[in-house]
Each structure stands twice: as C-alpha cells, then as structure tokens.
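Colleague: Okay, here's the structure, questions in a sec.
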Amino acid sequence: MSTQDPQLPRPADIAERLDRTNELLQRMLVEVSKTPSTHAIFVDAGYVYAAAGLLVTGTEDRRSFDLDAEGLIEAFIDKARTIFADSRLLRVYWYDGARRRIHTTEQQAIAELPDVKVRLGNLNANNQQKGVDSLIRTDLESLARHRAISDAALIGGDEDLVSAVEAAQGYGARVHLWGIEAGEGRNQAEPLLWEVDSQRTFDLDFCRPYVTRRPVTTYEDDSPAPSREDVRFVGAQIAAAWLAARGRESLADLLPGHPYLPGSVDQDLLVEAERLLQHSLRGHAHLRRALRDGFWQHLQSQY
C-alpha cells in the first residue's frame, strides 16, 4: 500500500484551488464586460484649418475665414458617438501652434469647452507649427499604454504621425484616421493611410456650416497716396510690434532670408500697413519696397 508524500498537495486541495481560480476568473470576466470601452479624438488644428478652409473658401490662409471650432468639435463628438456606439468619450485633444506657446483668444475659448484639452506647439517666424506631432504621439502612446482608451480618432494628415499610430497600436489601441475631403489629390500622407485601422473622410456638406469667409477690407484710392517716408515709418512700427510679440529669438529664422520676407510675414505686413495707413498699397511697388525697407531696418537695428 503506497503512502502520499505529505509535502505534496492532495487531489482534493488541487480541485478546490482550481474551483477558486475559475470563480475568480469568472468574476473578472463579468467586471470586464461591464467596463465600457473608451475613445478619444485627436485633432491637428493646423490640418483642419488648412483642409477645411481650402475646401470651403478656396484658401488655406486662416486670416481669410473664420472657423466655428466649437461647432466643429461638437460635430466630431457626435460622429464618434455613432461610430463607437458602445464606448464613452474620454475627451477631445486639440493641437495647435502659438507664439511662445501662449494661448490666443480663440485658443482660450476652445480650451474652456467641456471635454476639450488644448495642447500647444510653437509657431516659427514663417507661421509653421513646431512640436505638434510629438505632442500627439506622447498623448496617444501614454493613453494607449495605460489602457485609458481602446479607440482613437485621429484627424490629421502628416506623415510624421505614423510613429504615433504605431506606438498606440503597439499597446492594443485601434487608431481610426479621419480626414477632410481634398479638392484634388490627397491631403493625407499615404504611409499614414496604410498604417491606420480604418479611414473616414468628411465632405463639403459636412464642413460648410463651420467655415465662413471673412469680408475683404477695401480702401478708397482717390485719396493721396502716402509718402515713402510715411510708409517706411509704418514698416518700422509694425516691426517693433512684431518683435515684441515674438521675441528676439524669432529673428534667427528671419534674418538669413534678407532682403526677402517669408510669404506669410510679408502678407501680414501688407495687411497691417494698409490698416494703419487706411490706404491700399496694392499696385504701388515702390511703396511696398519702402514698407519692407522700414520693417527690415528696425529689425536689423535690434539684432
């Protein structure tokens, strides 16, 4: 007759432990089934402004149109609610650029909306966003890693977002790319389209209610044209304001291009000068040159 080693568990003990383990697993499965999935919406505002503006008004220039960000964000939330029917919204992340990461009045209003988080990258002297893609990647990866979201709706088109998608997918999250219809070709990078789990495009009818063209300011040209010295002085005045708003570090991006100004800066300079002078400078090449000369002269005197 064999005797059982006293250090080995008895069959009855093993069966009891298995029963307890199965019971715990069943409880966990029930709790998991009760936990709703969660989604978040990640919006590259630079992409939205450019794509929606071009689609509705024919221009990407933010100064030429107004975007009803609150209405558009609500439309994105409603769309997500229908697509992710059994999921709850964590929040909307709105990524934009600002000088020295200081909120504009418009960005402050967006930040005050419920369930919206504004993240700011920088704007360089050419009004180009810097650091926005890395902010998107950080948030996407962090939320996916901590299982805070199961689905991410990403509204953007830059190829640099591919790494953000890969990072989130590596932690089990599904990433859905949303875009805005392009008049011709595509406004989203092909590698990004290949990487995501699904794609959706918003058309003109969807975007039109949220984009409004601004009226064009015109000036009567029957008044005497300003003198070159007056225009040069205004150029220096605008340069002083430009420098105060952006800081001396912004000169490093601008000075190498002397005597030429980036298109966006030159356009801002023209519009502001016309406002101050109350006279159109269009068609007055010599006054436009005087304006740029005054602008550059002040900047170089401060460098």
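The values are calculated or read from the model by the stated rules, or taken from the named source; none is laboratory data. None of the values given here were measured: they were computed from a predicted structure. Please note: Cβ atoms are built from the backbone with ideal geometry, for glycine as well, and neighbour counts cover all protein chains shown. Note: areas computed on protein heavy atoms with side chains; ligands, DNA, RNA excluded. Shrake-Rupley method; radii C 1.70, N 1.55, O 1.52, S 1.80 Å.
Colleague: Mind listing whichever residues of region 272-303 are of a type in the set (A, V, I, L, M, F, W, C) and in contact with a helix residue (DSSP H, G or I) (Cβ under 7 Å, 6 or more places away or on another chain)?
Modeller: Of everything in region 272-303, those that are of a type in the set (A, V, I, L, M, F, W, C) and in contact with a helix residue (DSSP H, G or I) (Cβ under 7 Å, 6 or more places away or on another chain) turn out to be Ala273, Leu276, Leu277, Leu281, Leu287, Ala290, Leu291, Phe295, Leu299.
Colleague: With the condition kept exactly as written, say whether any residue in region 75-87 is out of contact with any helix residue (DSSP H, G or I) (no Cβ under 7 Å at 6 or more places or on another chain), under 25 Å from Leu204 (Cα atoms) and among the polar types (S, T, N, Q).
Modeller: yes
Colleague: Regarding region 60-68, can at least one residue be identified that is assigned to a helix (DSSP H, G or I), at pLDDT below 90 and surrounded by 15 or more Cβ atoms within 10 Å (Cβ to Cβ)?
Modeller: Yes, there is a match, as at least one residue in region 60-68 is assigned to a helix (DSSP H, G or I), at pLDDT below 90 and surrounded by 15 or more Cβ atoms within 10 Å (Cβ to Cβ).
Colleague: Please identify the pairs in which a residue from region 36-47 that is in contact (Cβ under 8 Å) with a residue 24 or more places away in the chain has its Cβ atom under 7 Å from the Cβ atom of a residue that is among the polar types (S, T, N, Q) and in a loop (DSSP other than H, G, I, E, B), counting only partners at least 6 apart or on another chain.
Modeller: Ser37/Ser150; Thr38/Ser150; His39/Ser150
Colleague: Could I ask something else about it? Tell me, please, whether a residue that is touching a His at 6+ places or on another chain (Cβ under 7 Å), closer than 29 Å to Val271 by Cβ and in a loop (DSSP other than H, G, I, E, B) can be found in region 176-196.
Modeller: For region 176-196, residues touching a His at 6+ places or on another chain (Cβ under 7 Å), closer than 29 Å to Val271 by Cβ and in a loop (DSSP other than H, G, I, E, B): absent.
Colleague: Those residues that are in a loop (DSSP other than H, G, I, E, B) and crowded, with 17+ Cβ neighbours inside 10 Å, I need them from region 228-279; list them, please.
Modeller: Scanning region 228-279 gives Leu261, His279.
Colleague: Considering only region 92-111, state which residues are closer than 16 Å to Asp66 by Cβ and open to solvent by less than 50 Å² (accessible area, probe 1.4 Å).
Modeller: Selection gives Asp96, Gln107, Ile110.
Colleague: Now, a different point. Could you check region 5-25 and list, in sequence order, the residues that are modelled with pLDDT under 70, over 60 Å from the mean Cα position of the chain (by Cα) and part of a helix (DSSP H, G or I)?
Modeller: Those that are modelled with pLDDT under 70, over 60 Å from the mean Cα position of the chain (by Cα) and part of a helix (DSSP H, G or I): none in region 5-25.
Colleague: Another question, then. Give all pairs with beta carbons closer than 8 Å in which a residue from region 284-303 that is at positive phi meets a residue that is outside any helix (DSSP H, G or I) and at pLDDT 85 or above; count only pairs at least 6 apart in sequence or on separate chains.
Modeller: none
Colleague: I'd like the full set of residues that are surrounded by fewer than 19 Cβ atoms within 10 Å (Cβ to Cβ), charged (D, E, K, R) and under 15 Å from Ser87 (Cβ atoms), limited to region 138-155.
Modeller: Correct list: Arg147 only.
Colleague: Looking at Leu72, is it aliphatic (A, V, I, L, M) and assigned to a strand (DSSP E or B)?
Modeller: No, not satisfied.
Colleague: List the residue pairs whose Cβ atoms are under 6 Å apart, where the first residue sits in region 238-259 and is within 17 Å of Arg101 (Cβ to Cβ), the second is aliphatic (A, V, I, L, M) and outside any helix (DSSP H, G or I), and the two are 6 or more positions apart or on different chains.
Modeller: Between residues of region 238-259 that are within 17 Å of Arg101 (Cβ to Cβ) and residues that are aliphatic (A, V, I, L, M) and outside any helix (DSSP H, G or I), the close pairs are Ser250/Ala125; Asp253/Ala125.
Colleague: Restrict the check to region 163-176 and report whether at least one residue is exposed (fewer than 13 other Cβ atoms within 10 Å of the Cβ) and not aromatic (Phe, Trp, Tyr). First the steps, then the outcome.
Modeller: Start the filter on region 163-176 by keeping residues that are exposed (fewer than 13 other Cβ atoms within 10 Å of the Cβ), which leaves 170, 172.
Checking which are not aromatic (Phe, Trp, Tyr) leaves us with 170, 172.
Among the residues of region 163-176, at least one is exposed (fewer than 13 other Cβ atoms within 10 Å of the Cβ) and not aromatic (Phe, Trp, Tyr), which makes the answer yes.
Colleague: Among the residues of region 280-292, write down those that are surrounded by fewer than 16 Cβ atoms within 10 Å (Cβ to Cβ) and assigned to a helix (DSSP H, G or I).
Modeller: Selection gives Ala285, His286, Arg289.
Colleague: A follow-up question, please. Just to check your reading of the model, which residue among Leu89, Leu55, Leu29 is open to solvent by 40 Å² or more (accessible area, probe 1.4 Å), modelled with pLDDT of 90 or more and more than 16 Å from the chain's Cα centre (by Cα)? Walk me through it before giving the result.
Modeller: Details: Leu55 fails: open to solvent by 40 Å² or more (accessible area, probe 1.4 Å); Leu29 fails: modelled with pLDDT of 90 or more.
From the options Leu89, Leu55, Leu29, the qualifying one is Leu89.
Colleague: Go through region 42-67 and count every residue that is among the aromatic types (Phe, Trp, Tyr) and more than 26 Å from Val165 (Cα to Cα).
Modeller: Restricting attention to region 42-67, the residues satisfying the condition of being among the aromatic types (Phe, Trp, Tyr) are 42, 47, 49, 65.
This time we only want the ones that are more than 26 Å from Val165 (Cα to Cα), so: 65.
Residues that pass the stated criteria total 1.
Colleague: Suppose the filter is open to solvent by 60 Å² or more (accessible area, probe 1.4 Å), part of a loop (DSSP other than H, G, I, E, B), out of contact with any Phe, Trp or Tyr (no Cβ under 8 Å at 6 or more places or on another chain) and under 30 Å from Phe76 (Cα atoms); does Pro224 pass it?
Modeller: So Pro224 does not fit the description; no.
Colleague: Given the condition touching a residue at least 60 places away in the same chain (Cβ under 8 Å), within 19 Å of Ile83 (Cβ to Cβ) and either open to solvent by less than 50 Å² (accessible area, probe 1.4 Å) or aromatic (Phe, Trp, Tyr) (or both), answer yes or no: does some residue in region 179-201 qualify?
Modeller: Yes, there is a match, as at least one residue in region 179-201 is touching a residue at least 60 places away in the same chain (Cβ under 8 Å), within 19 Å of Ile83 (Cβ to Cβ) and either open to solvent by less than 50 Å² (accessible area, probe 1.4 Å) or aromatic (Phe, Trp, Tyr) (or both).
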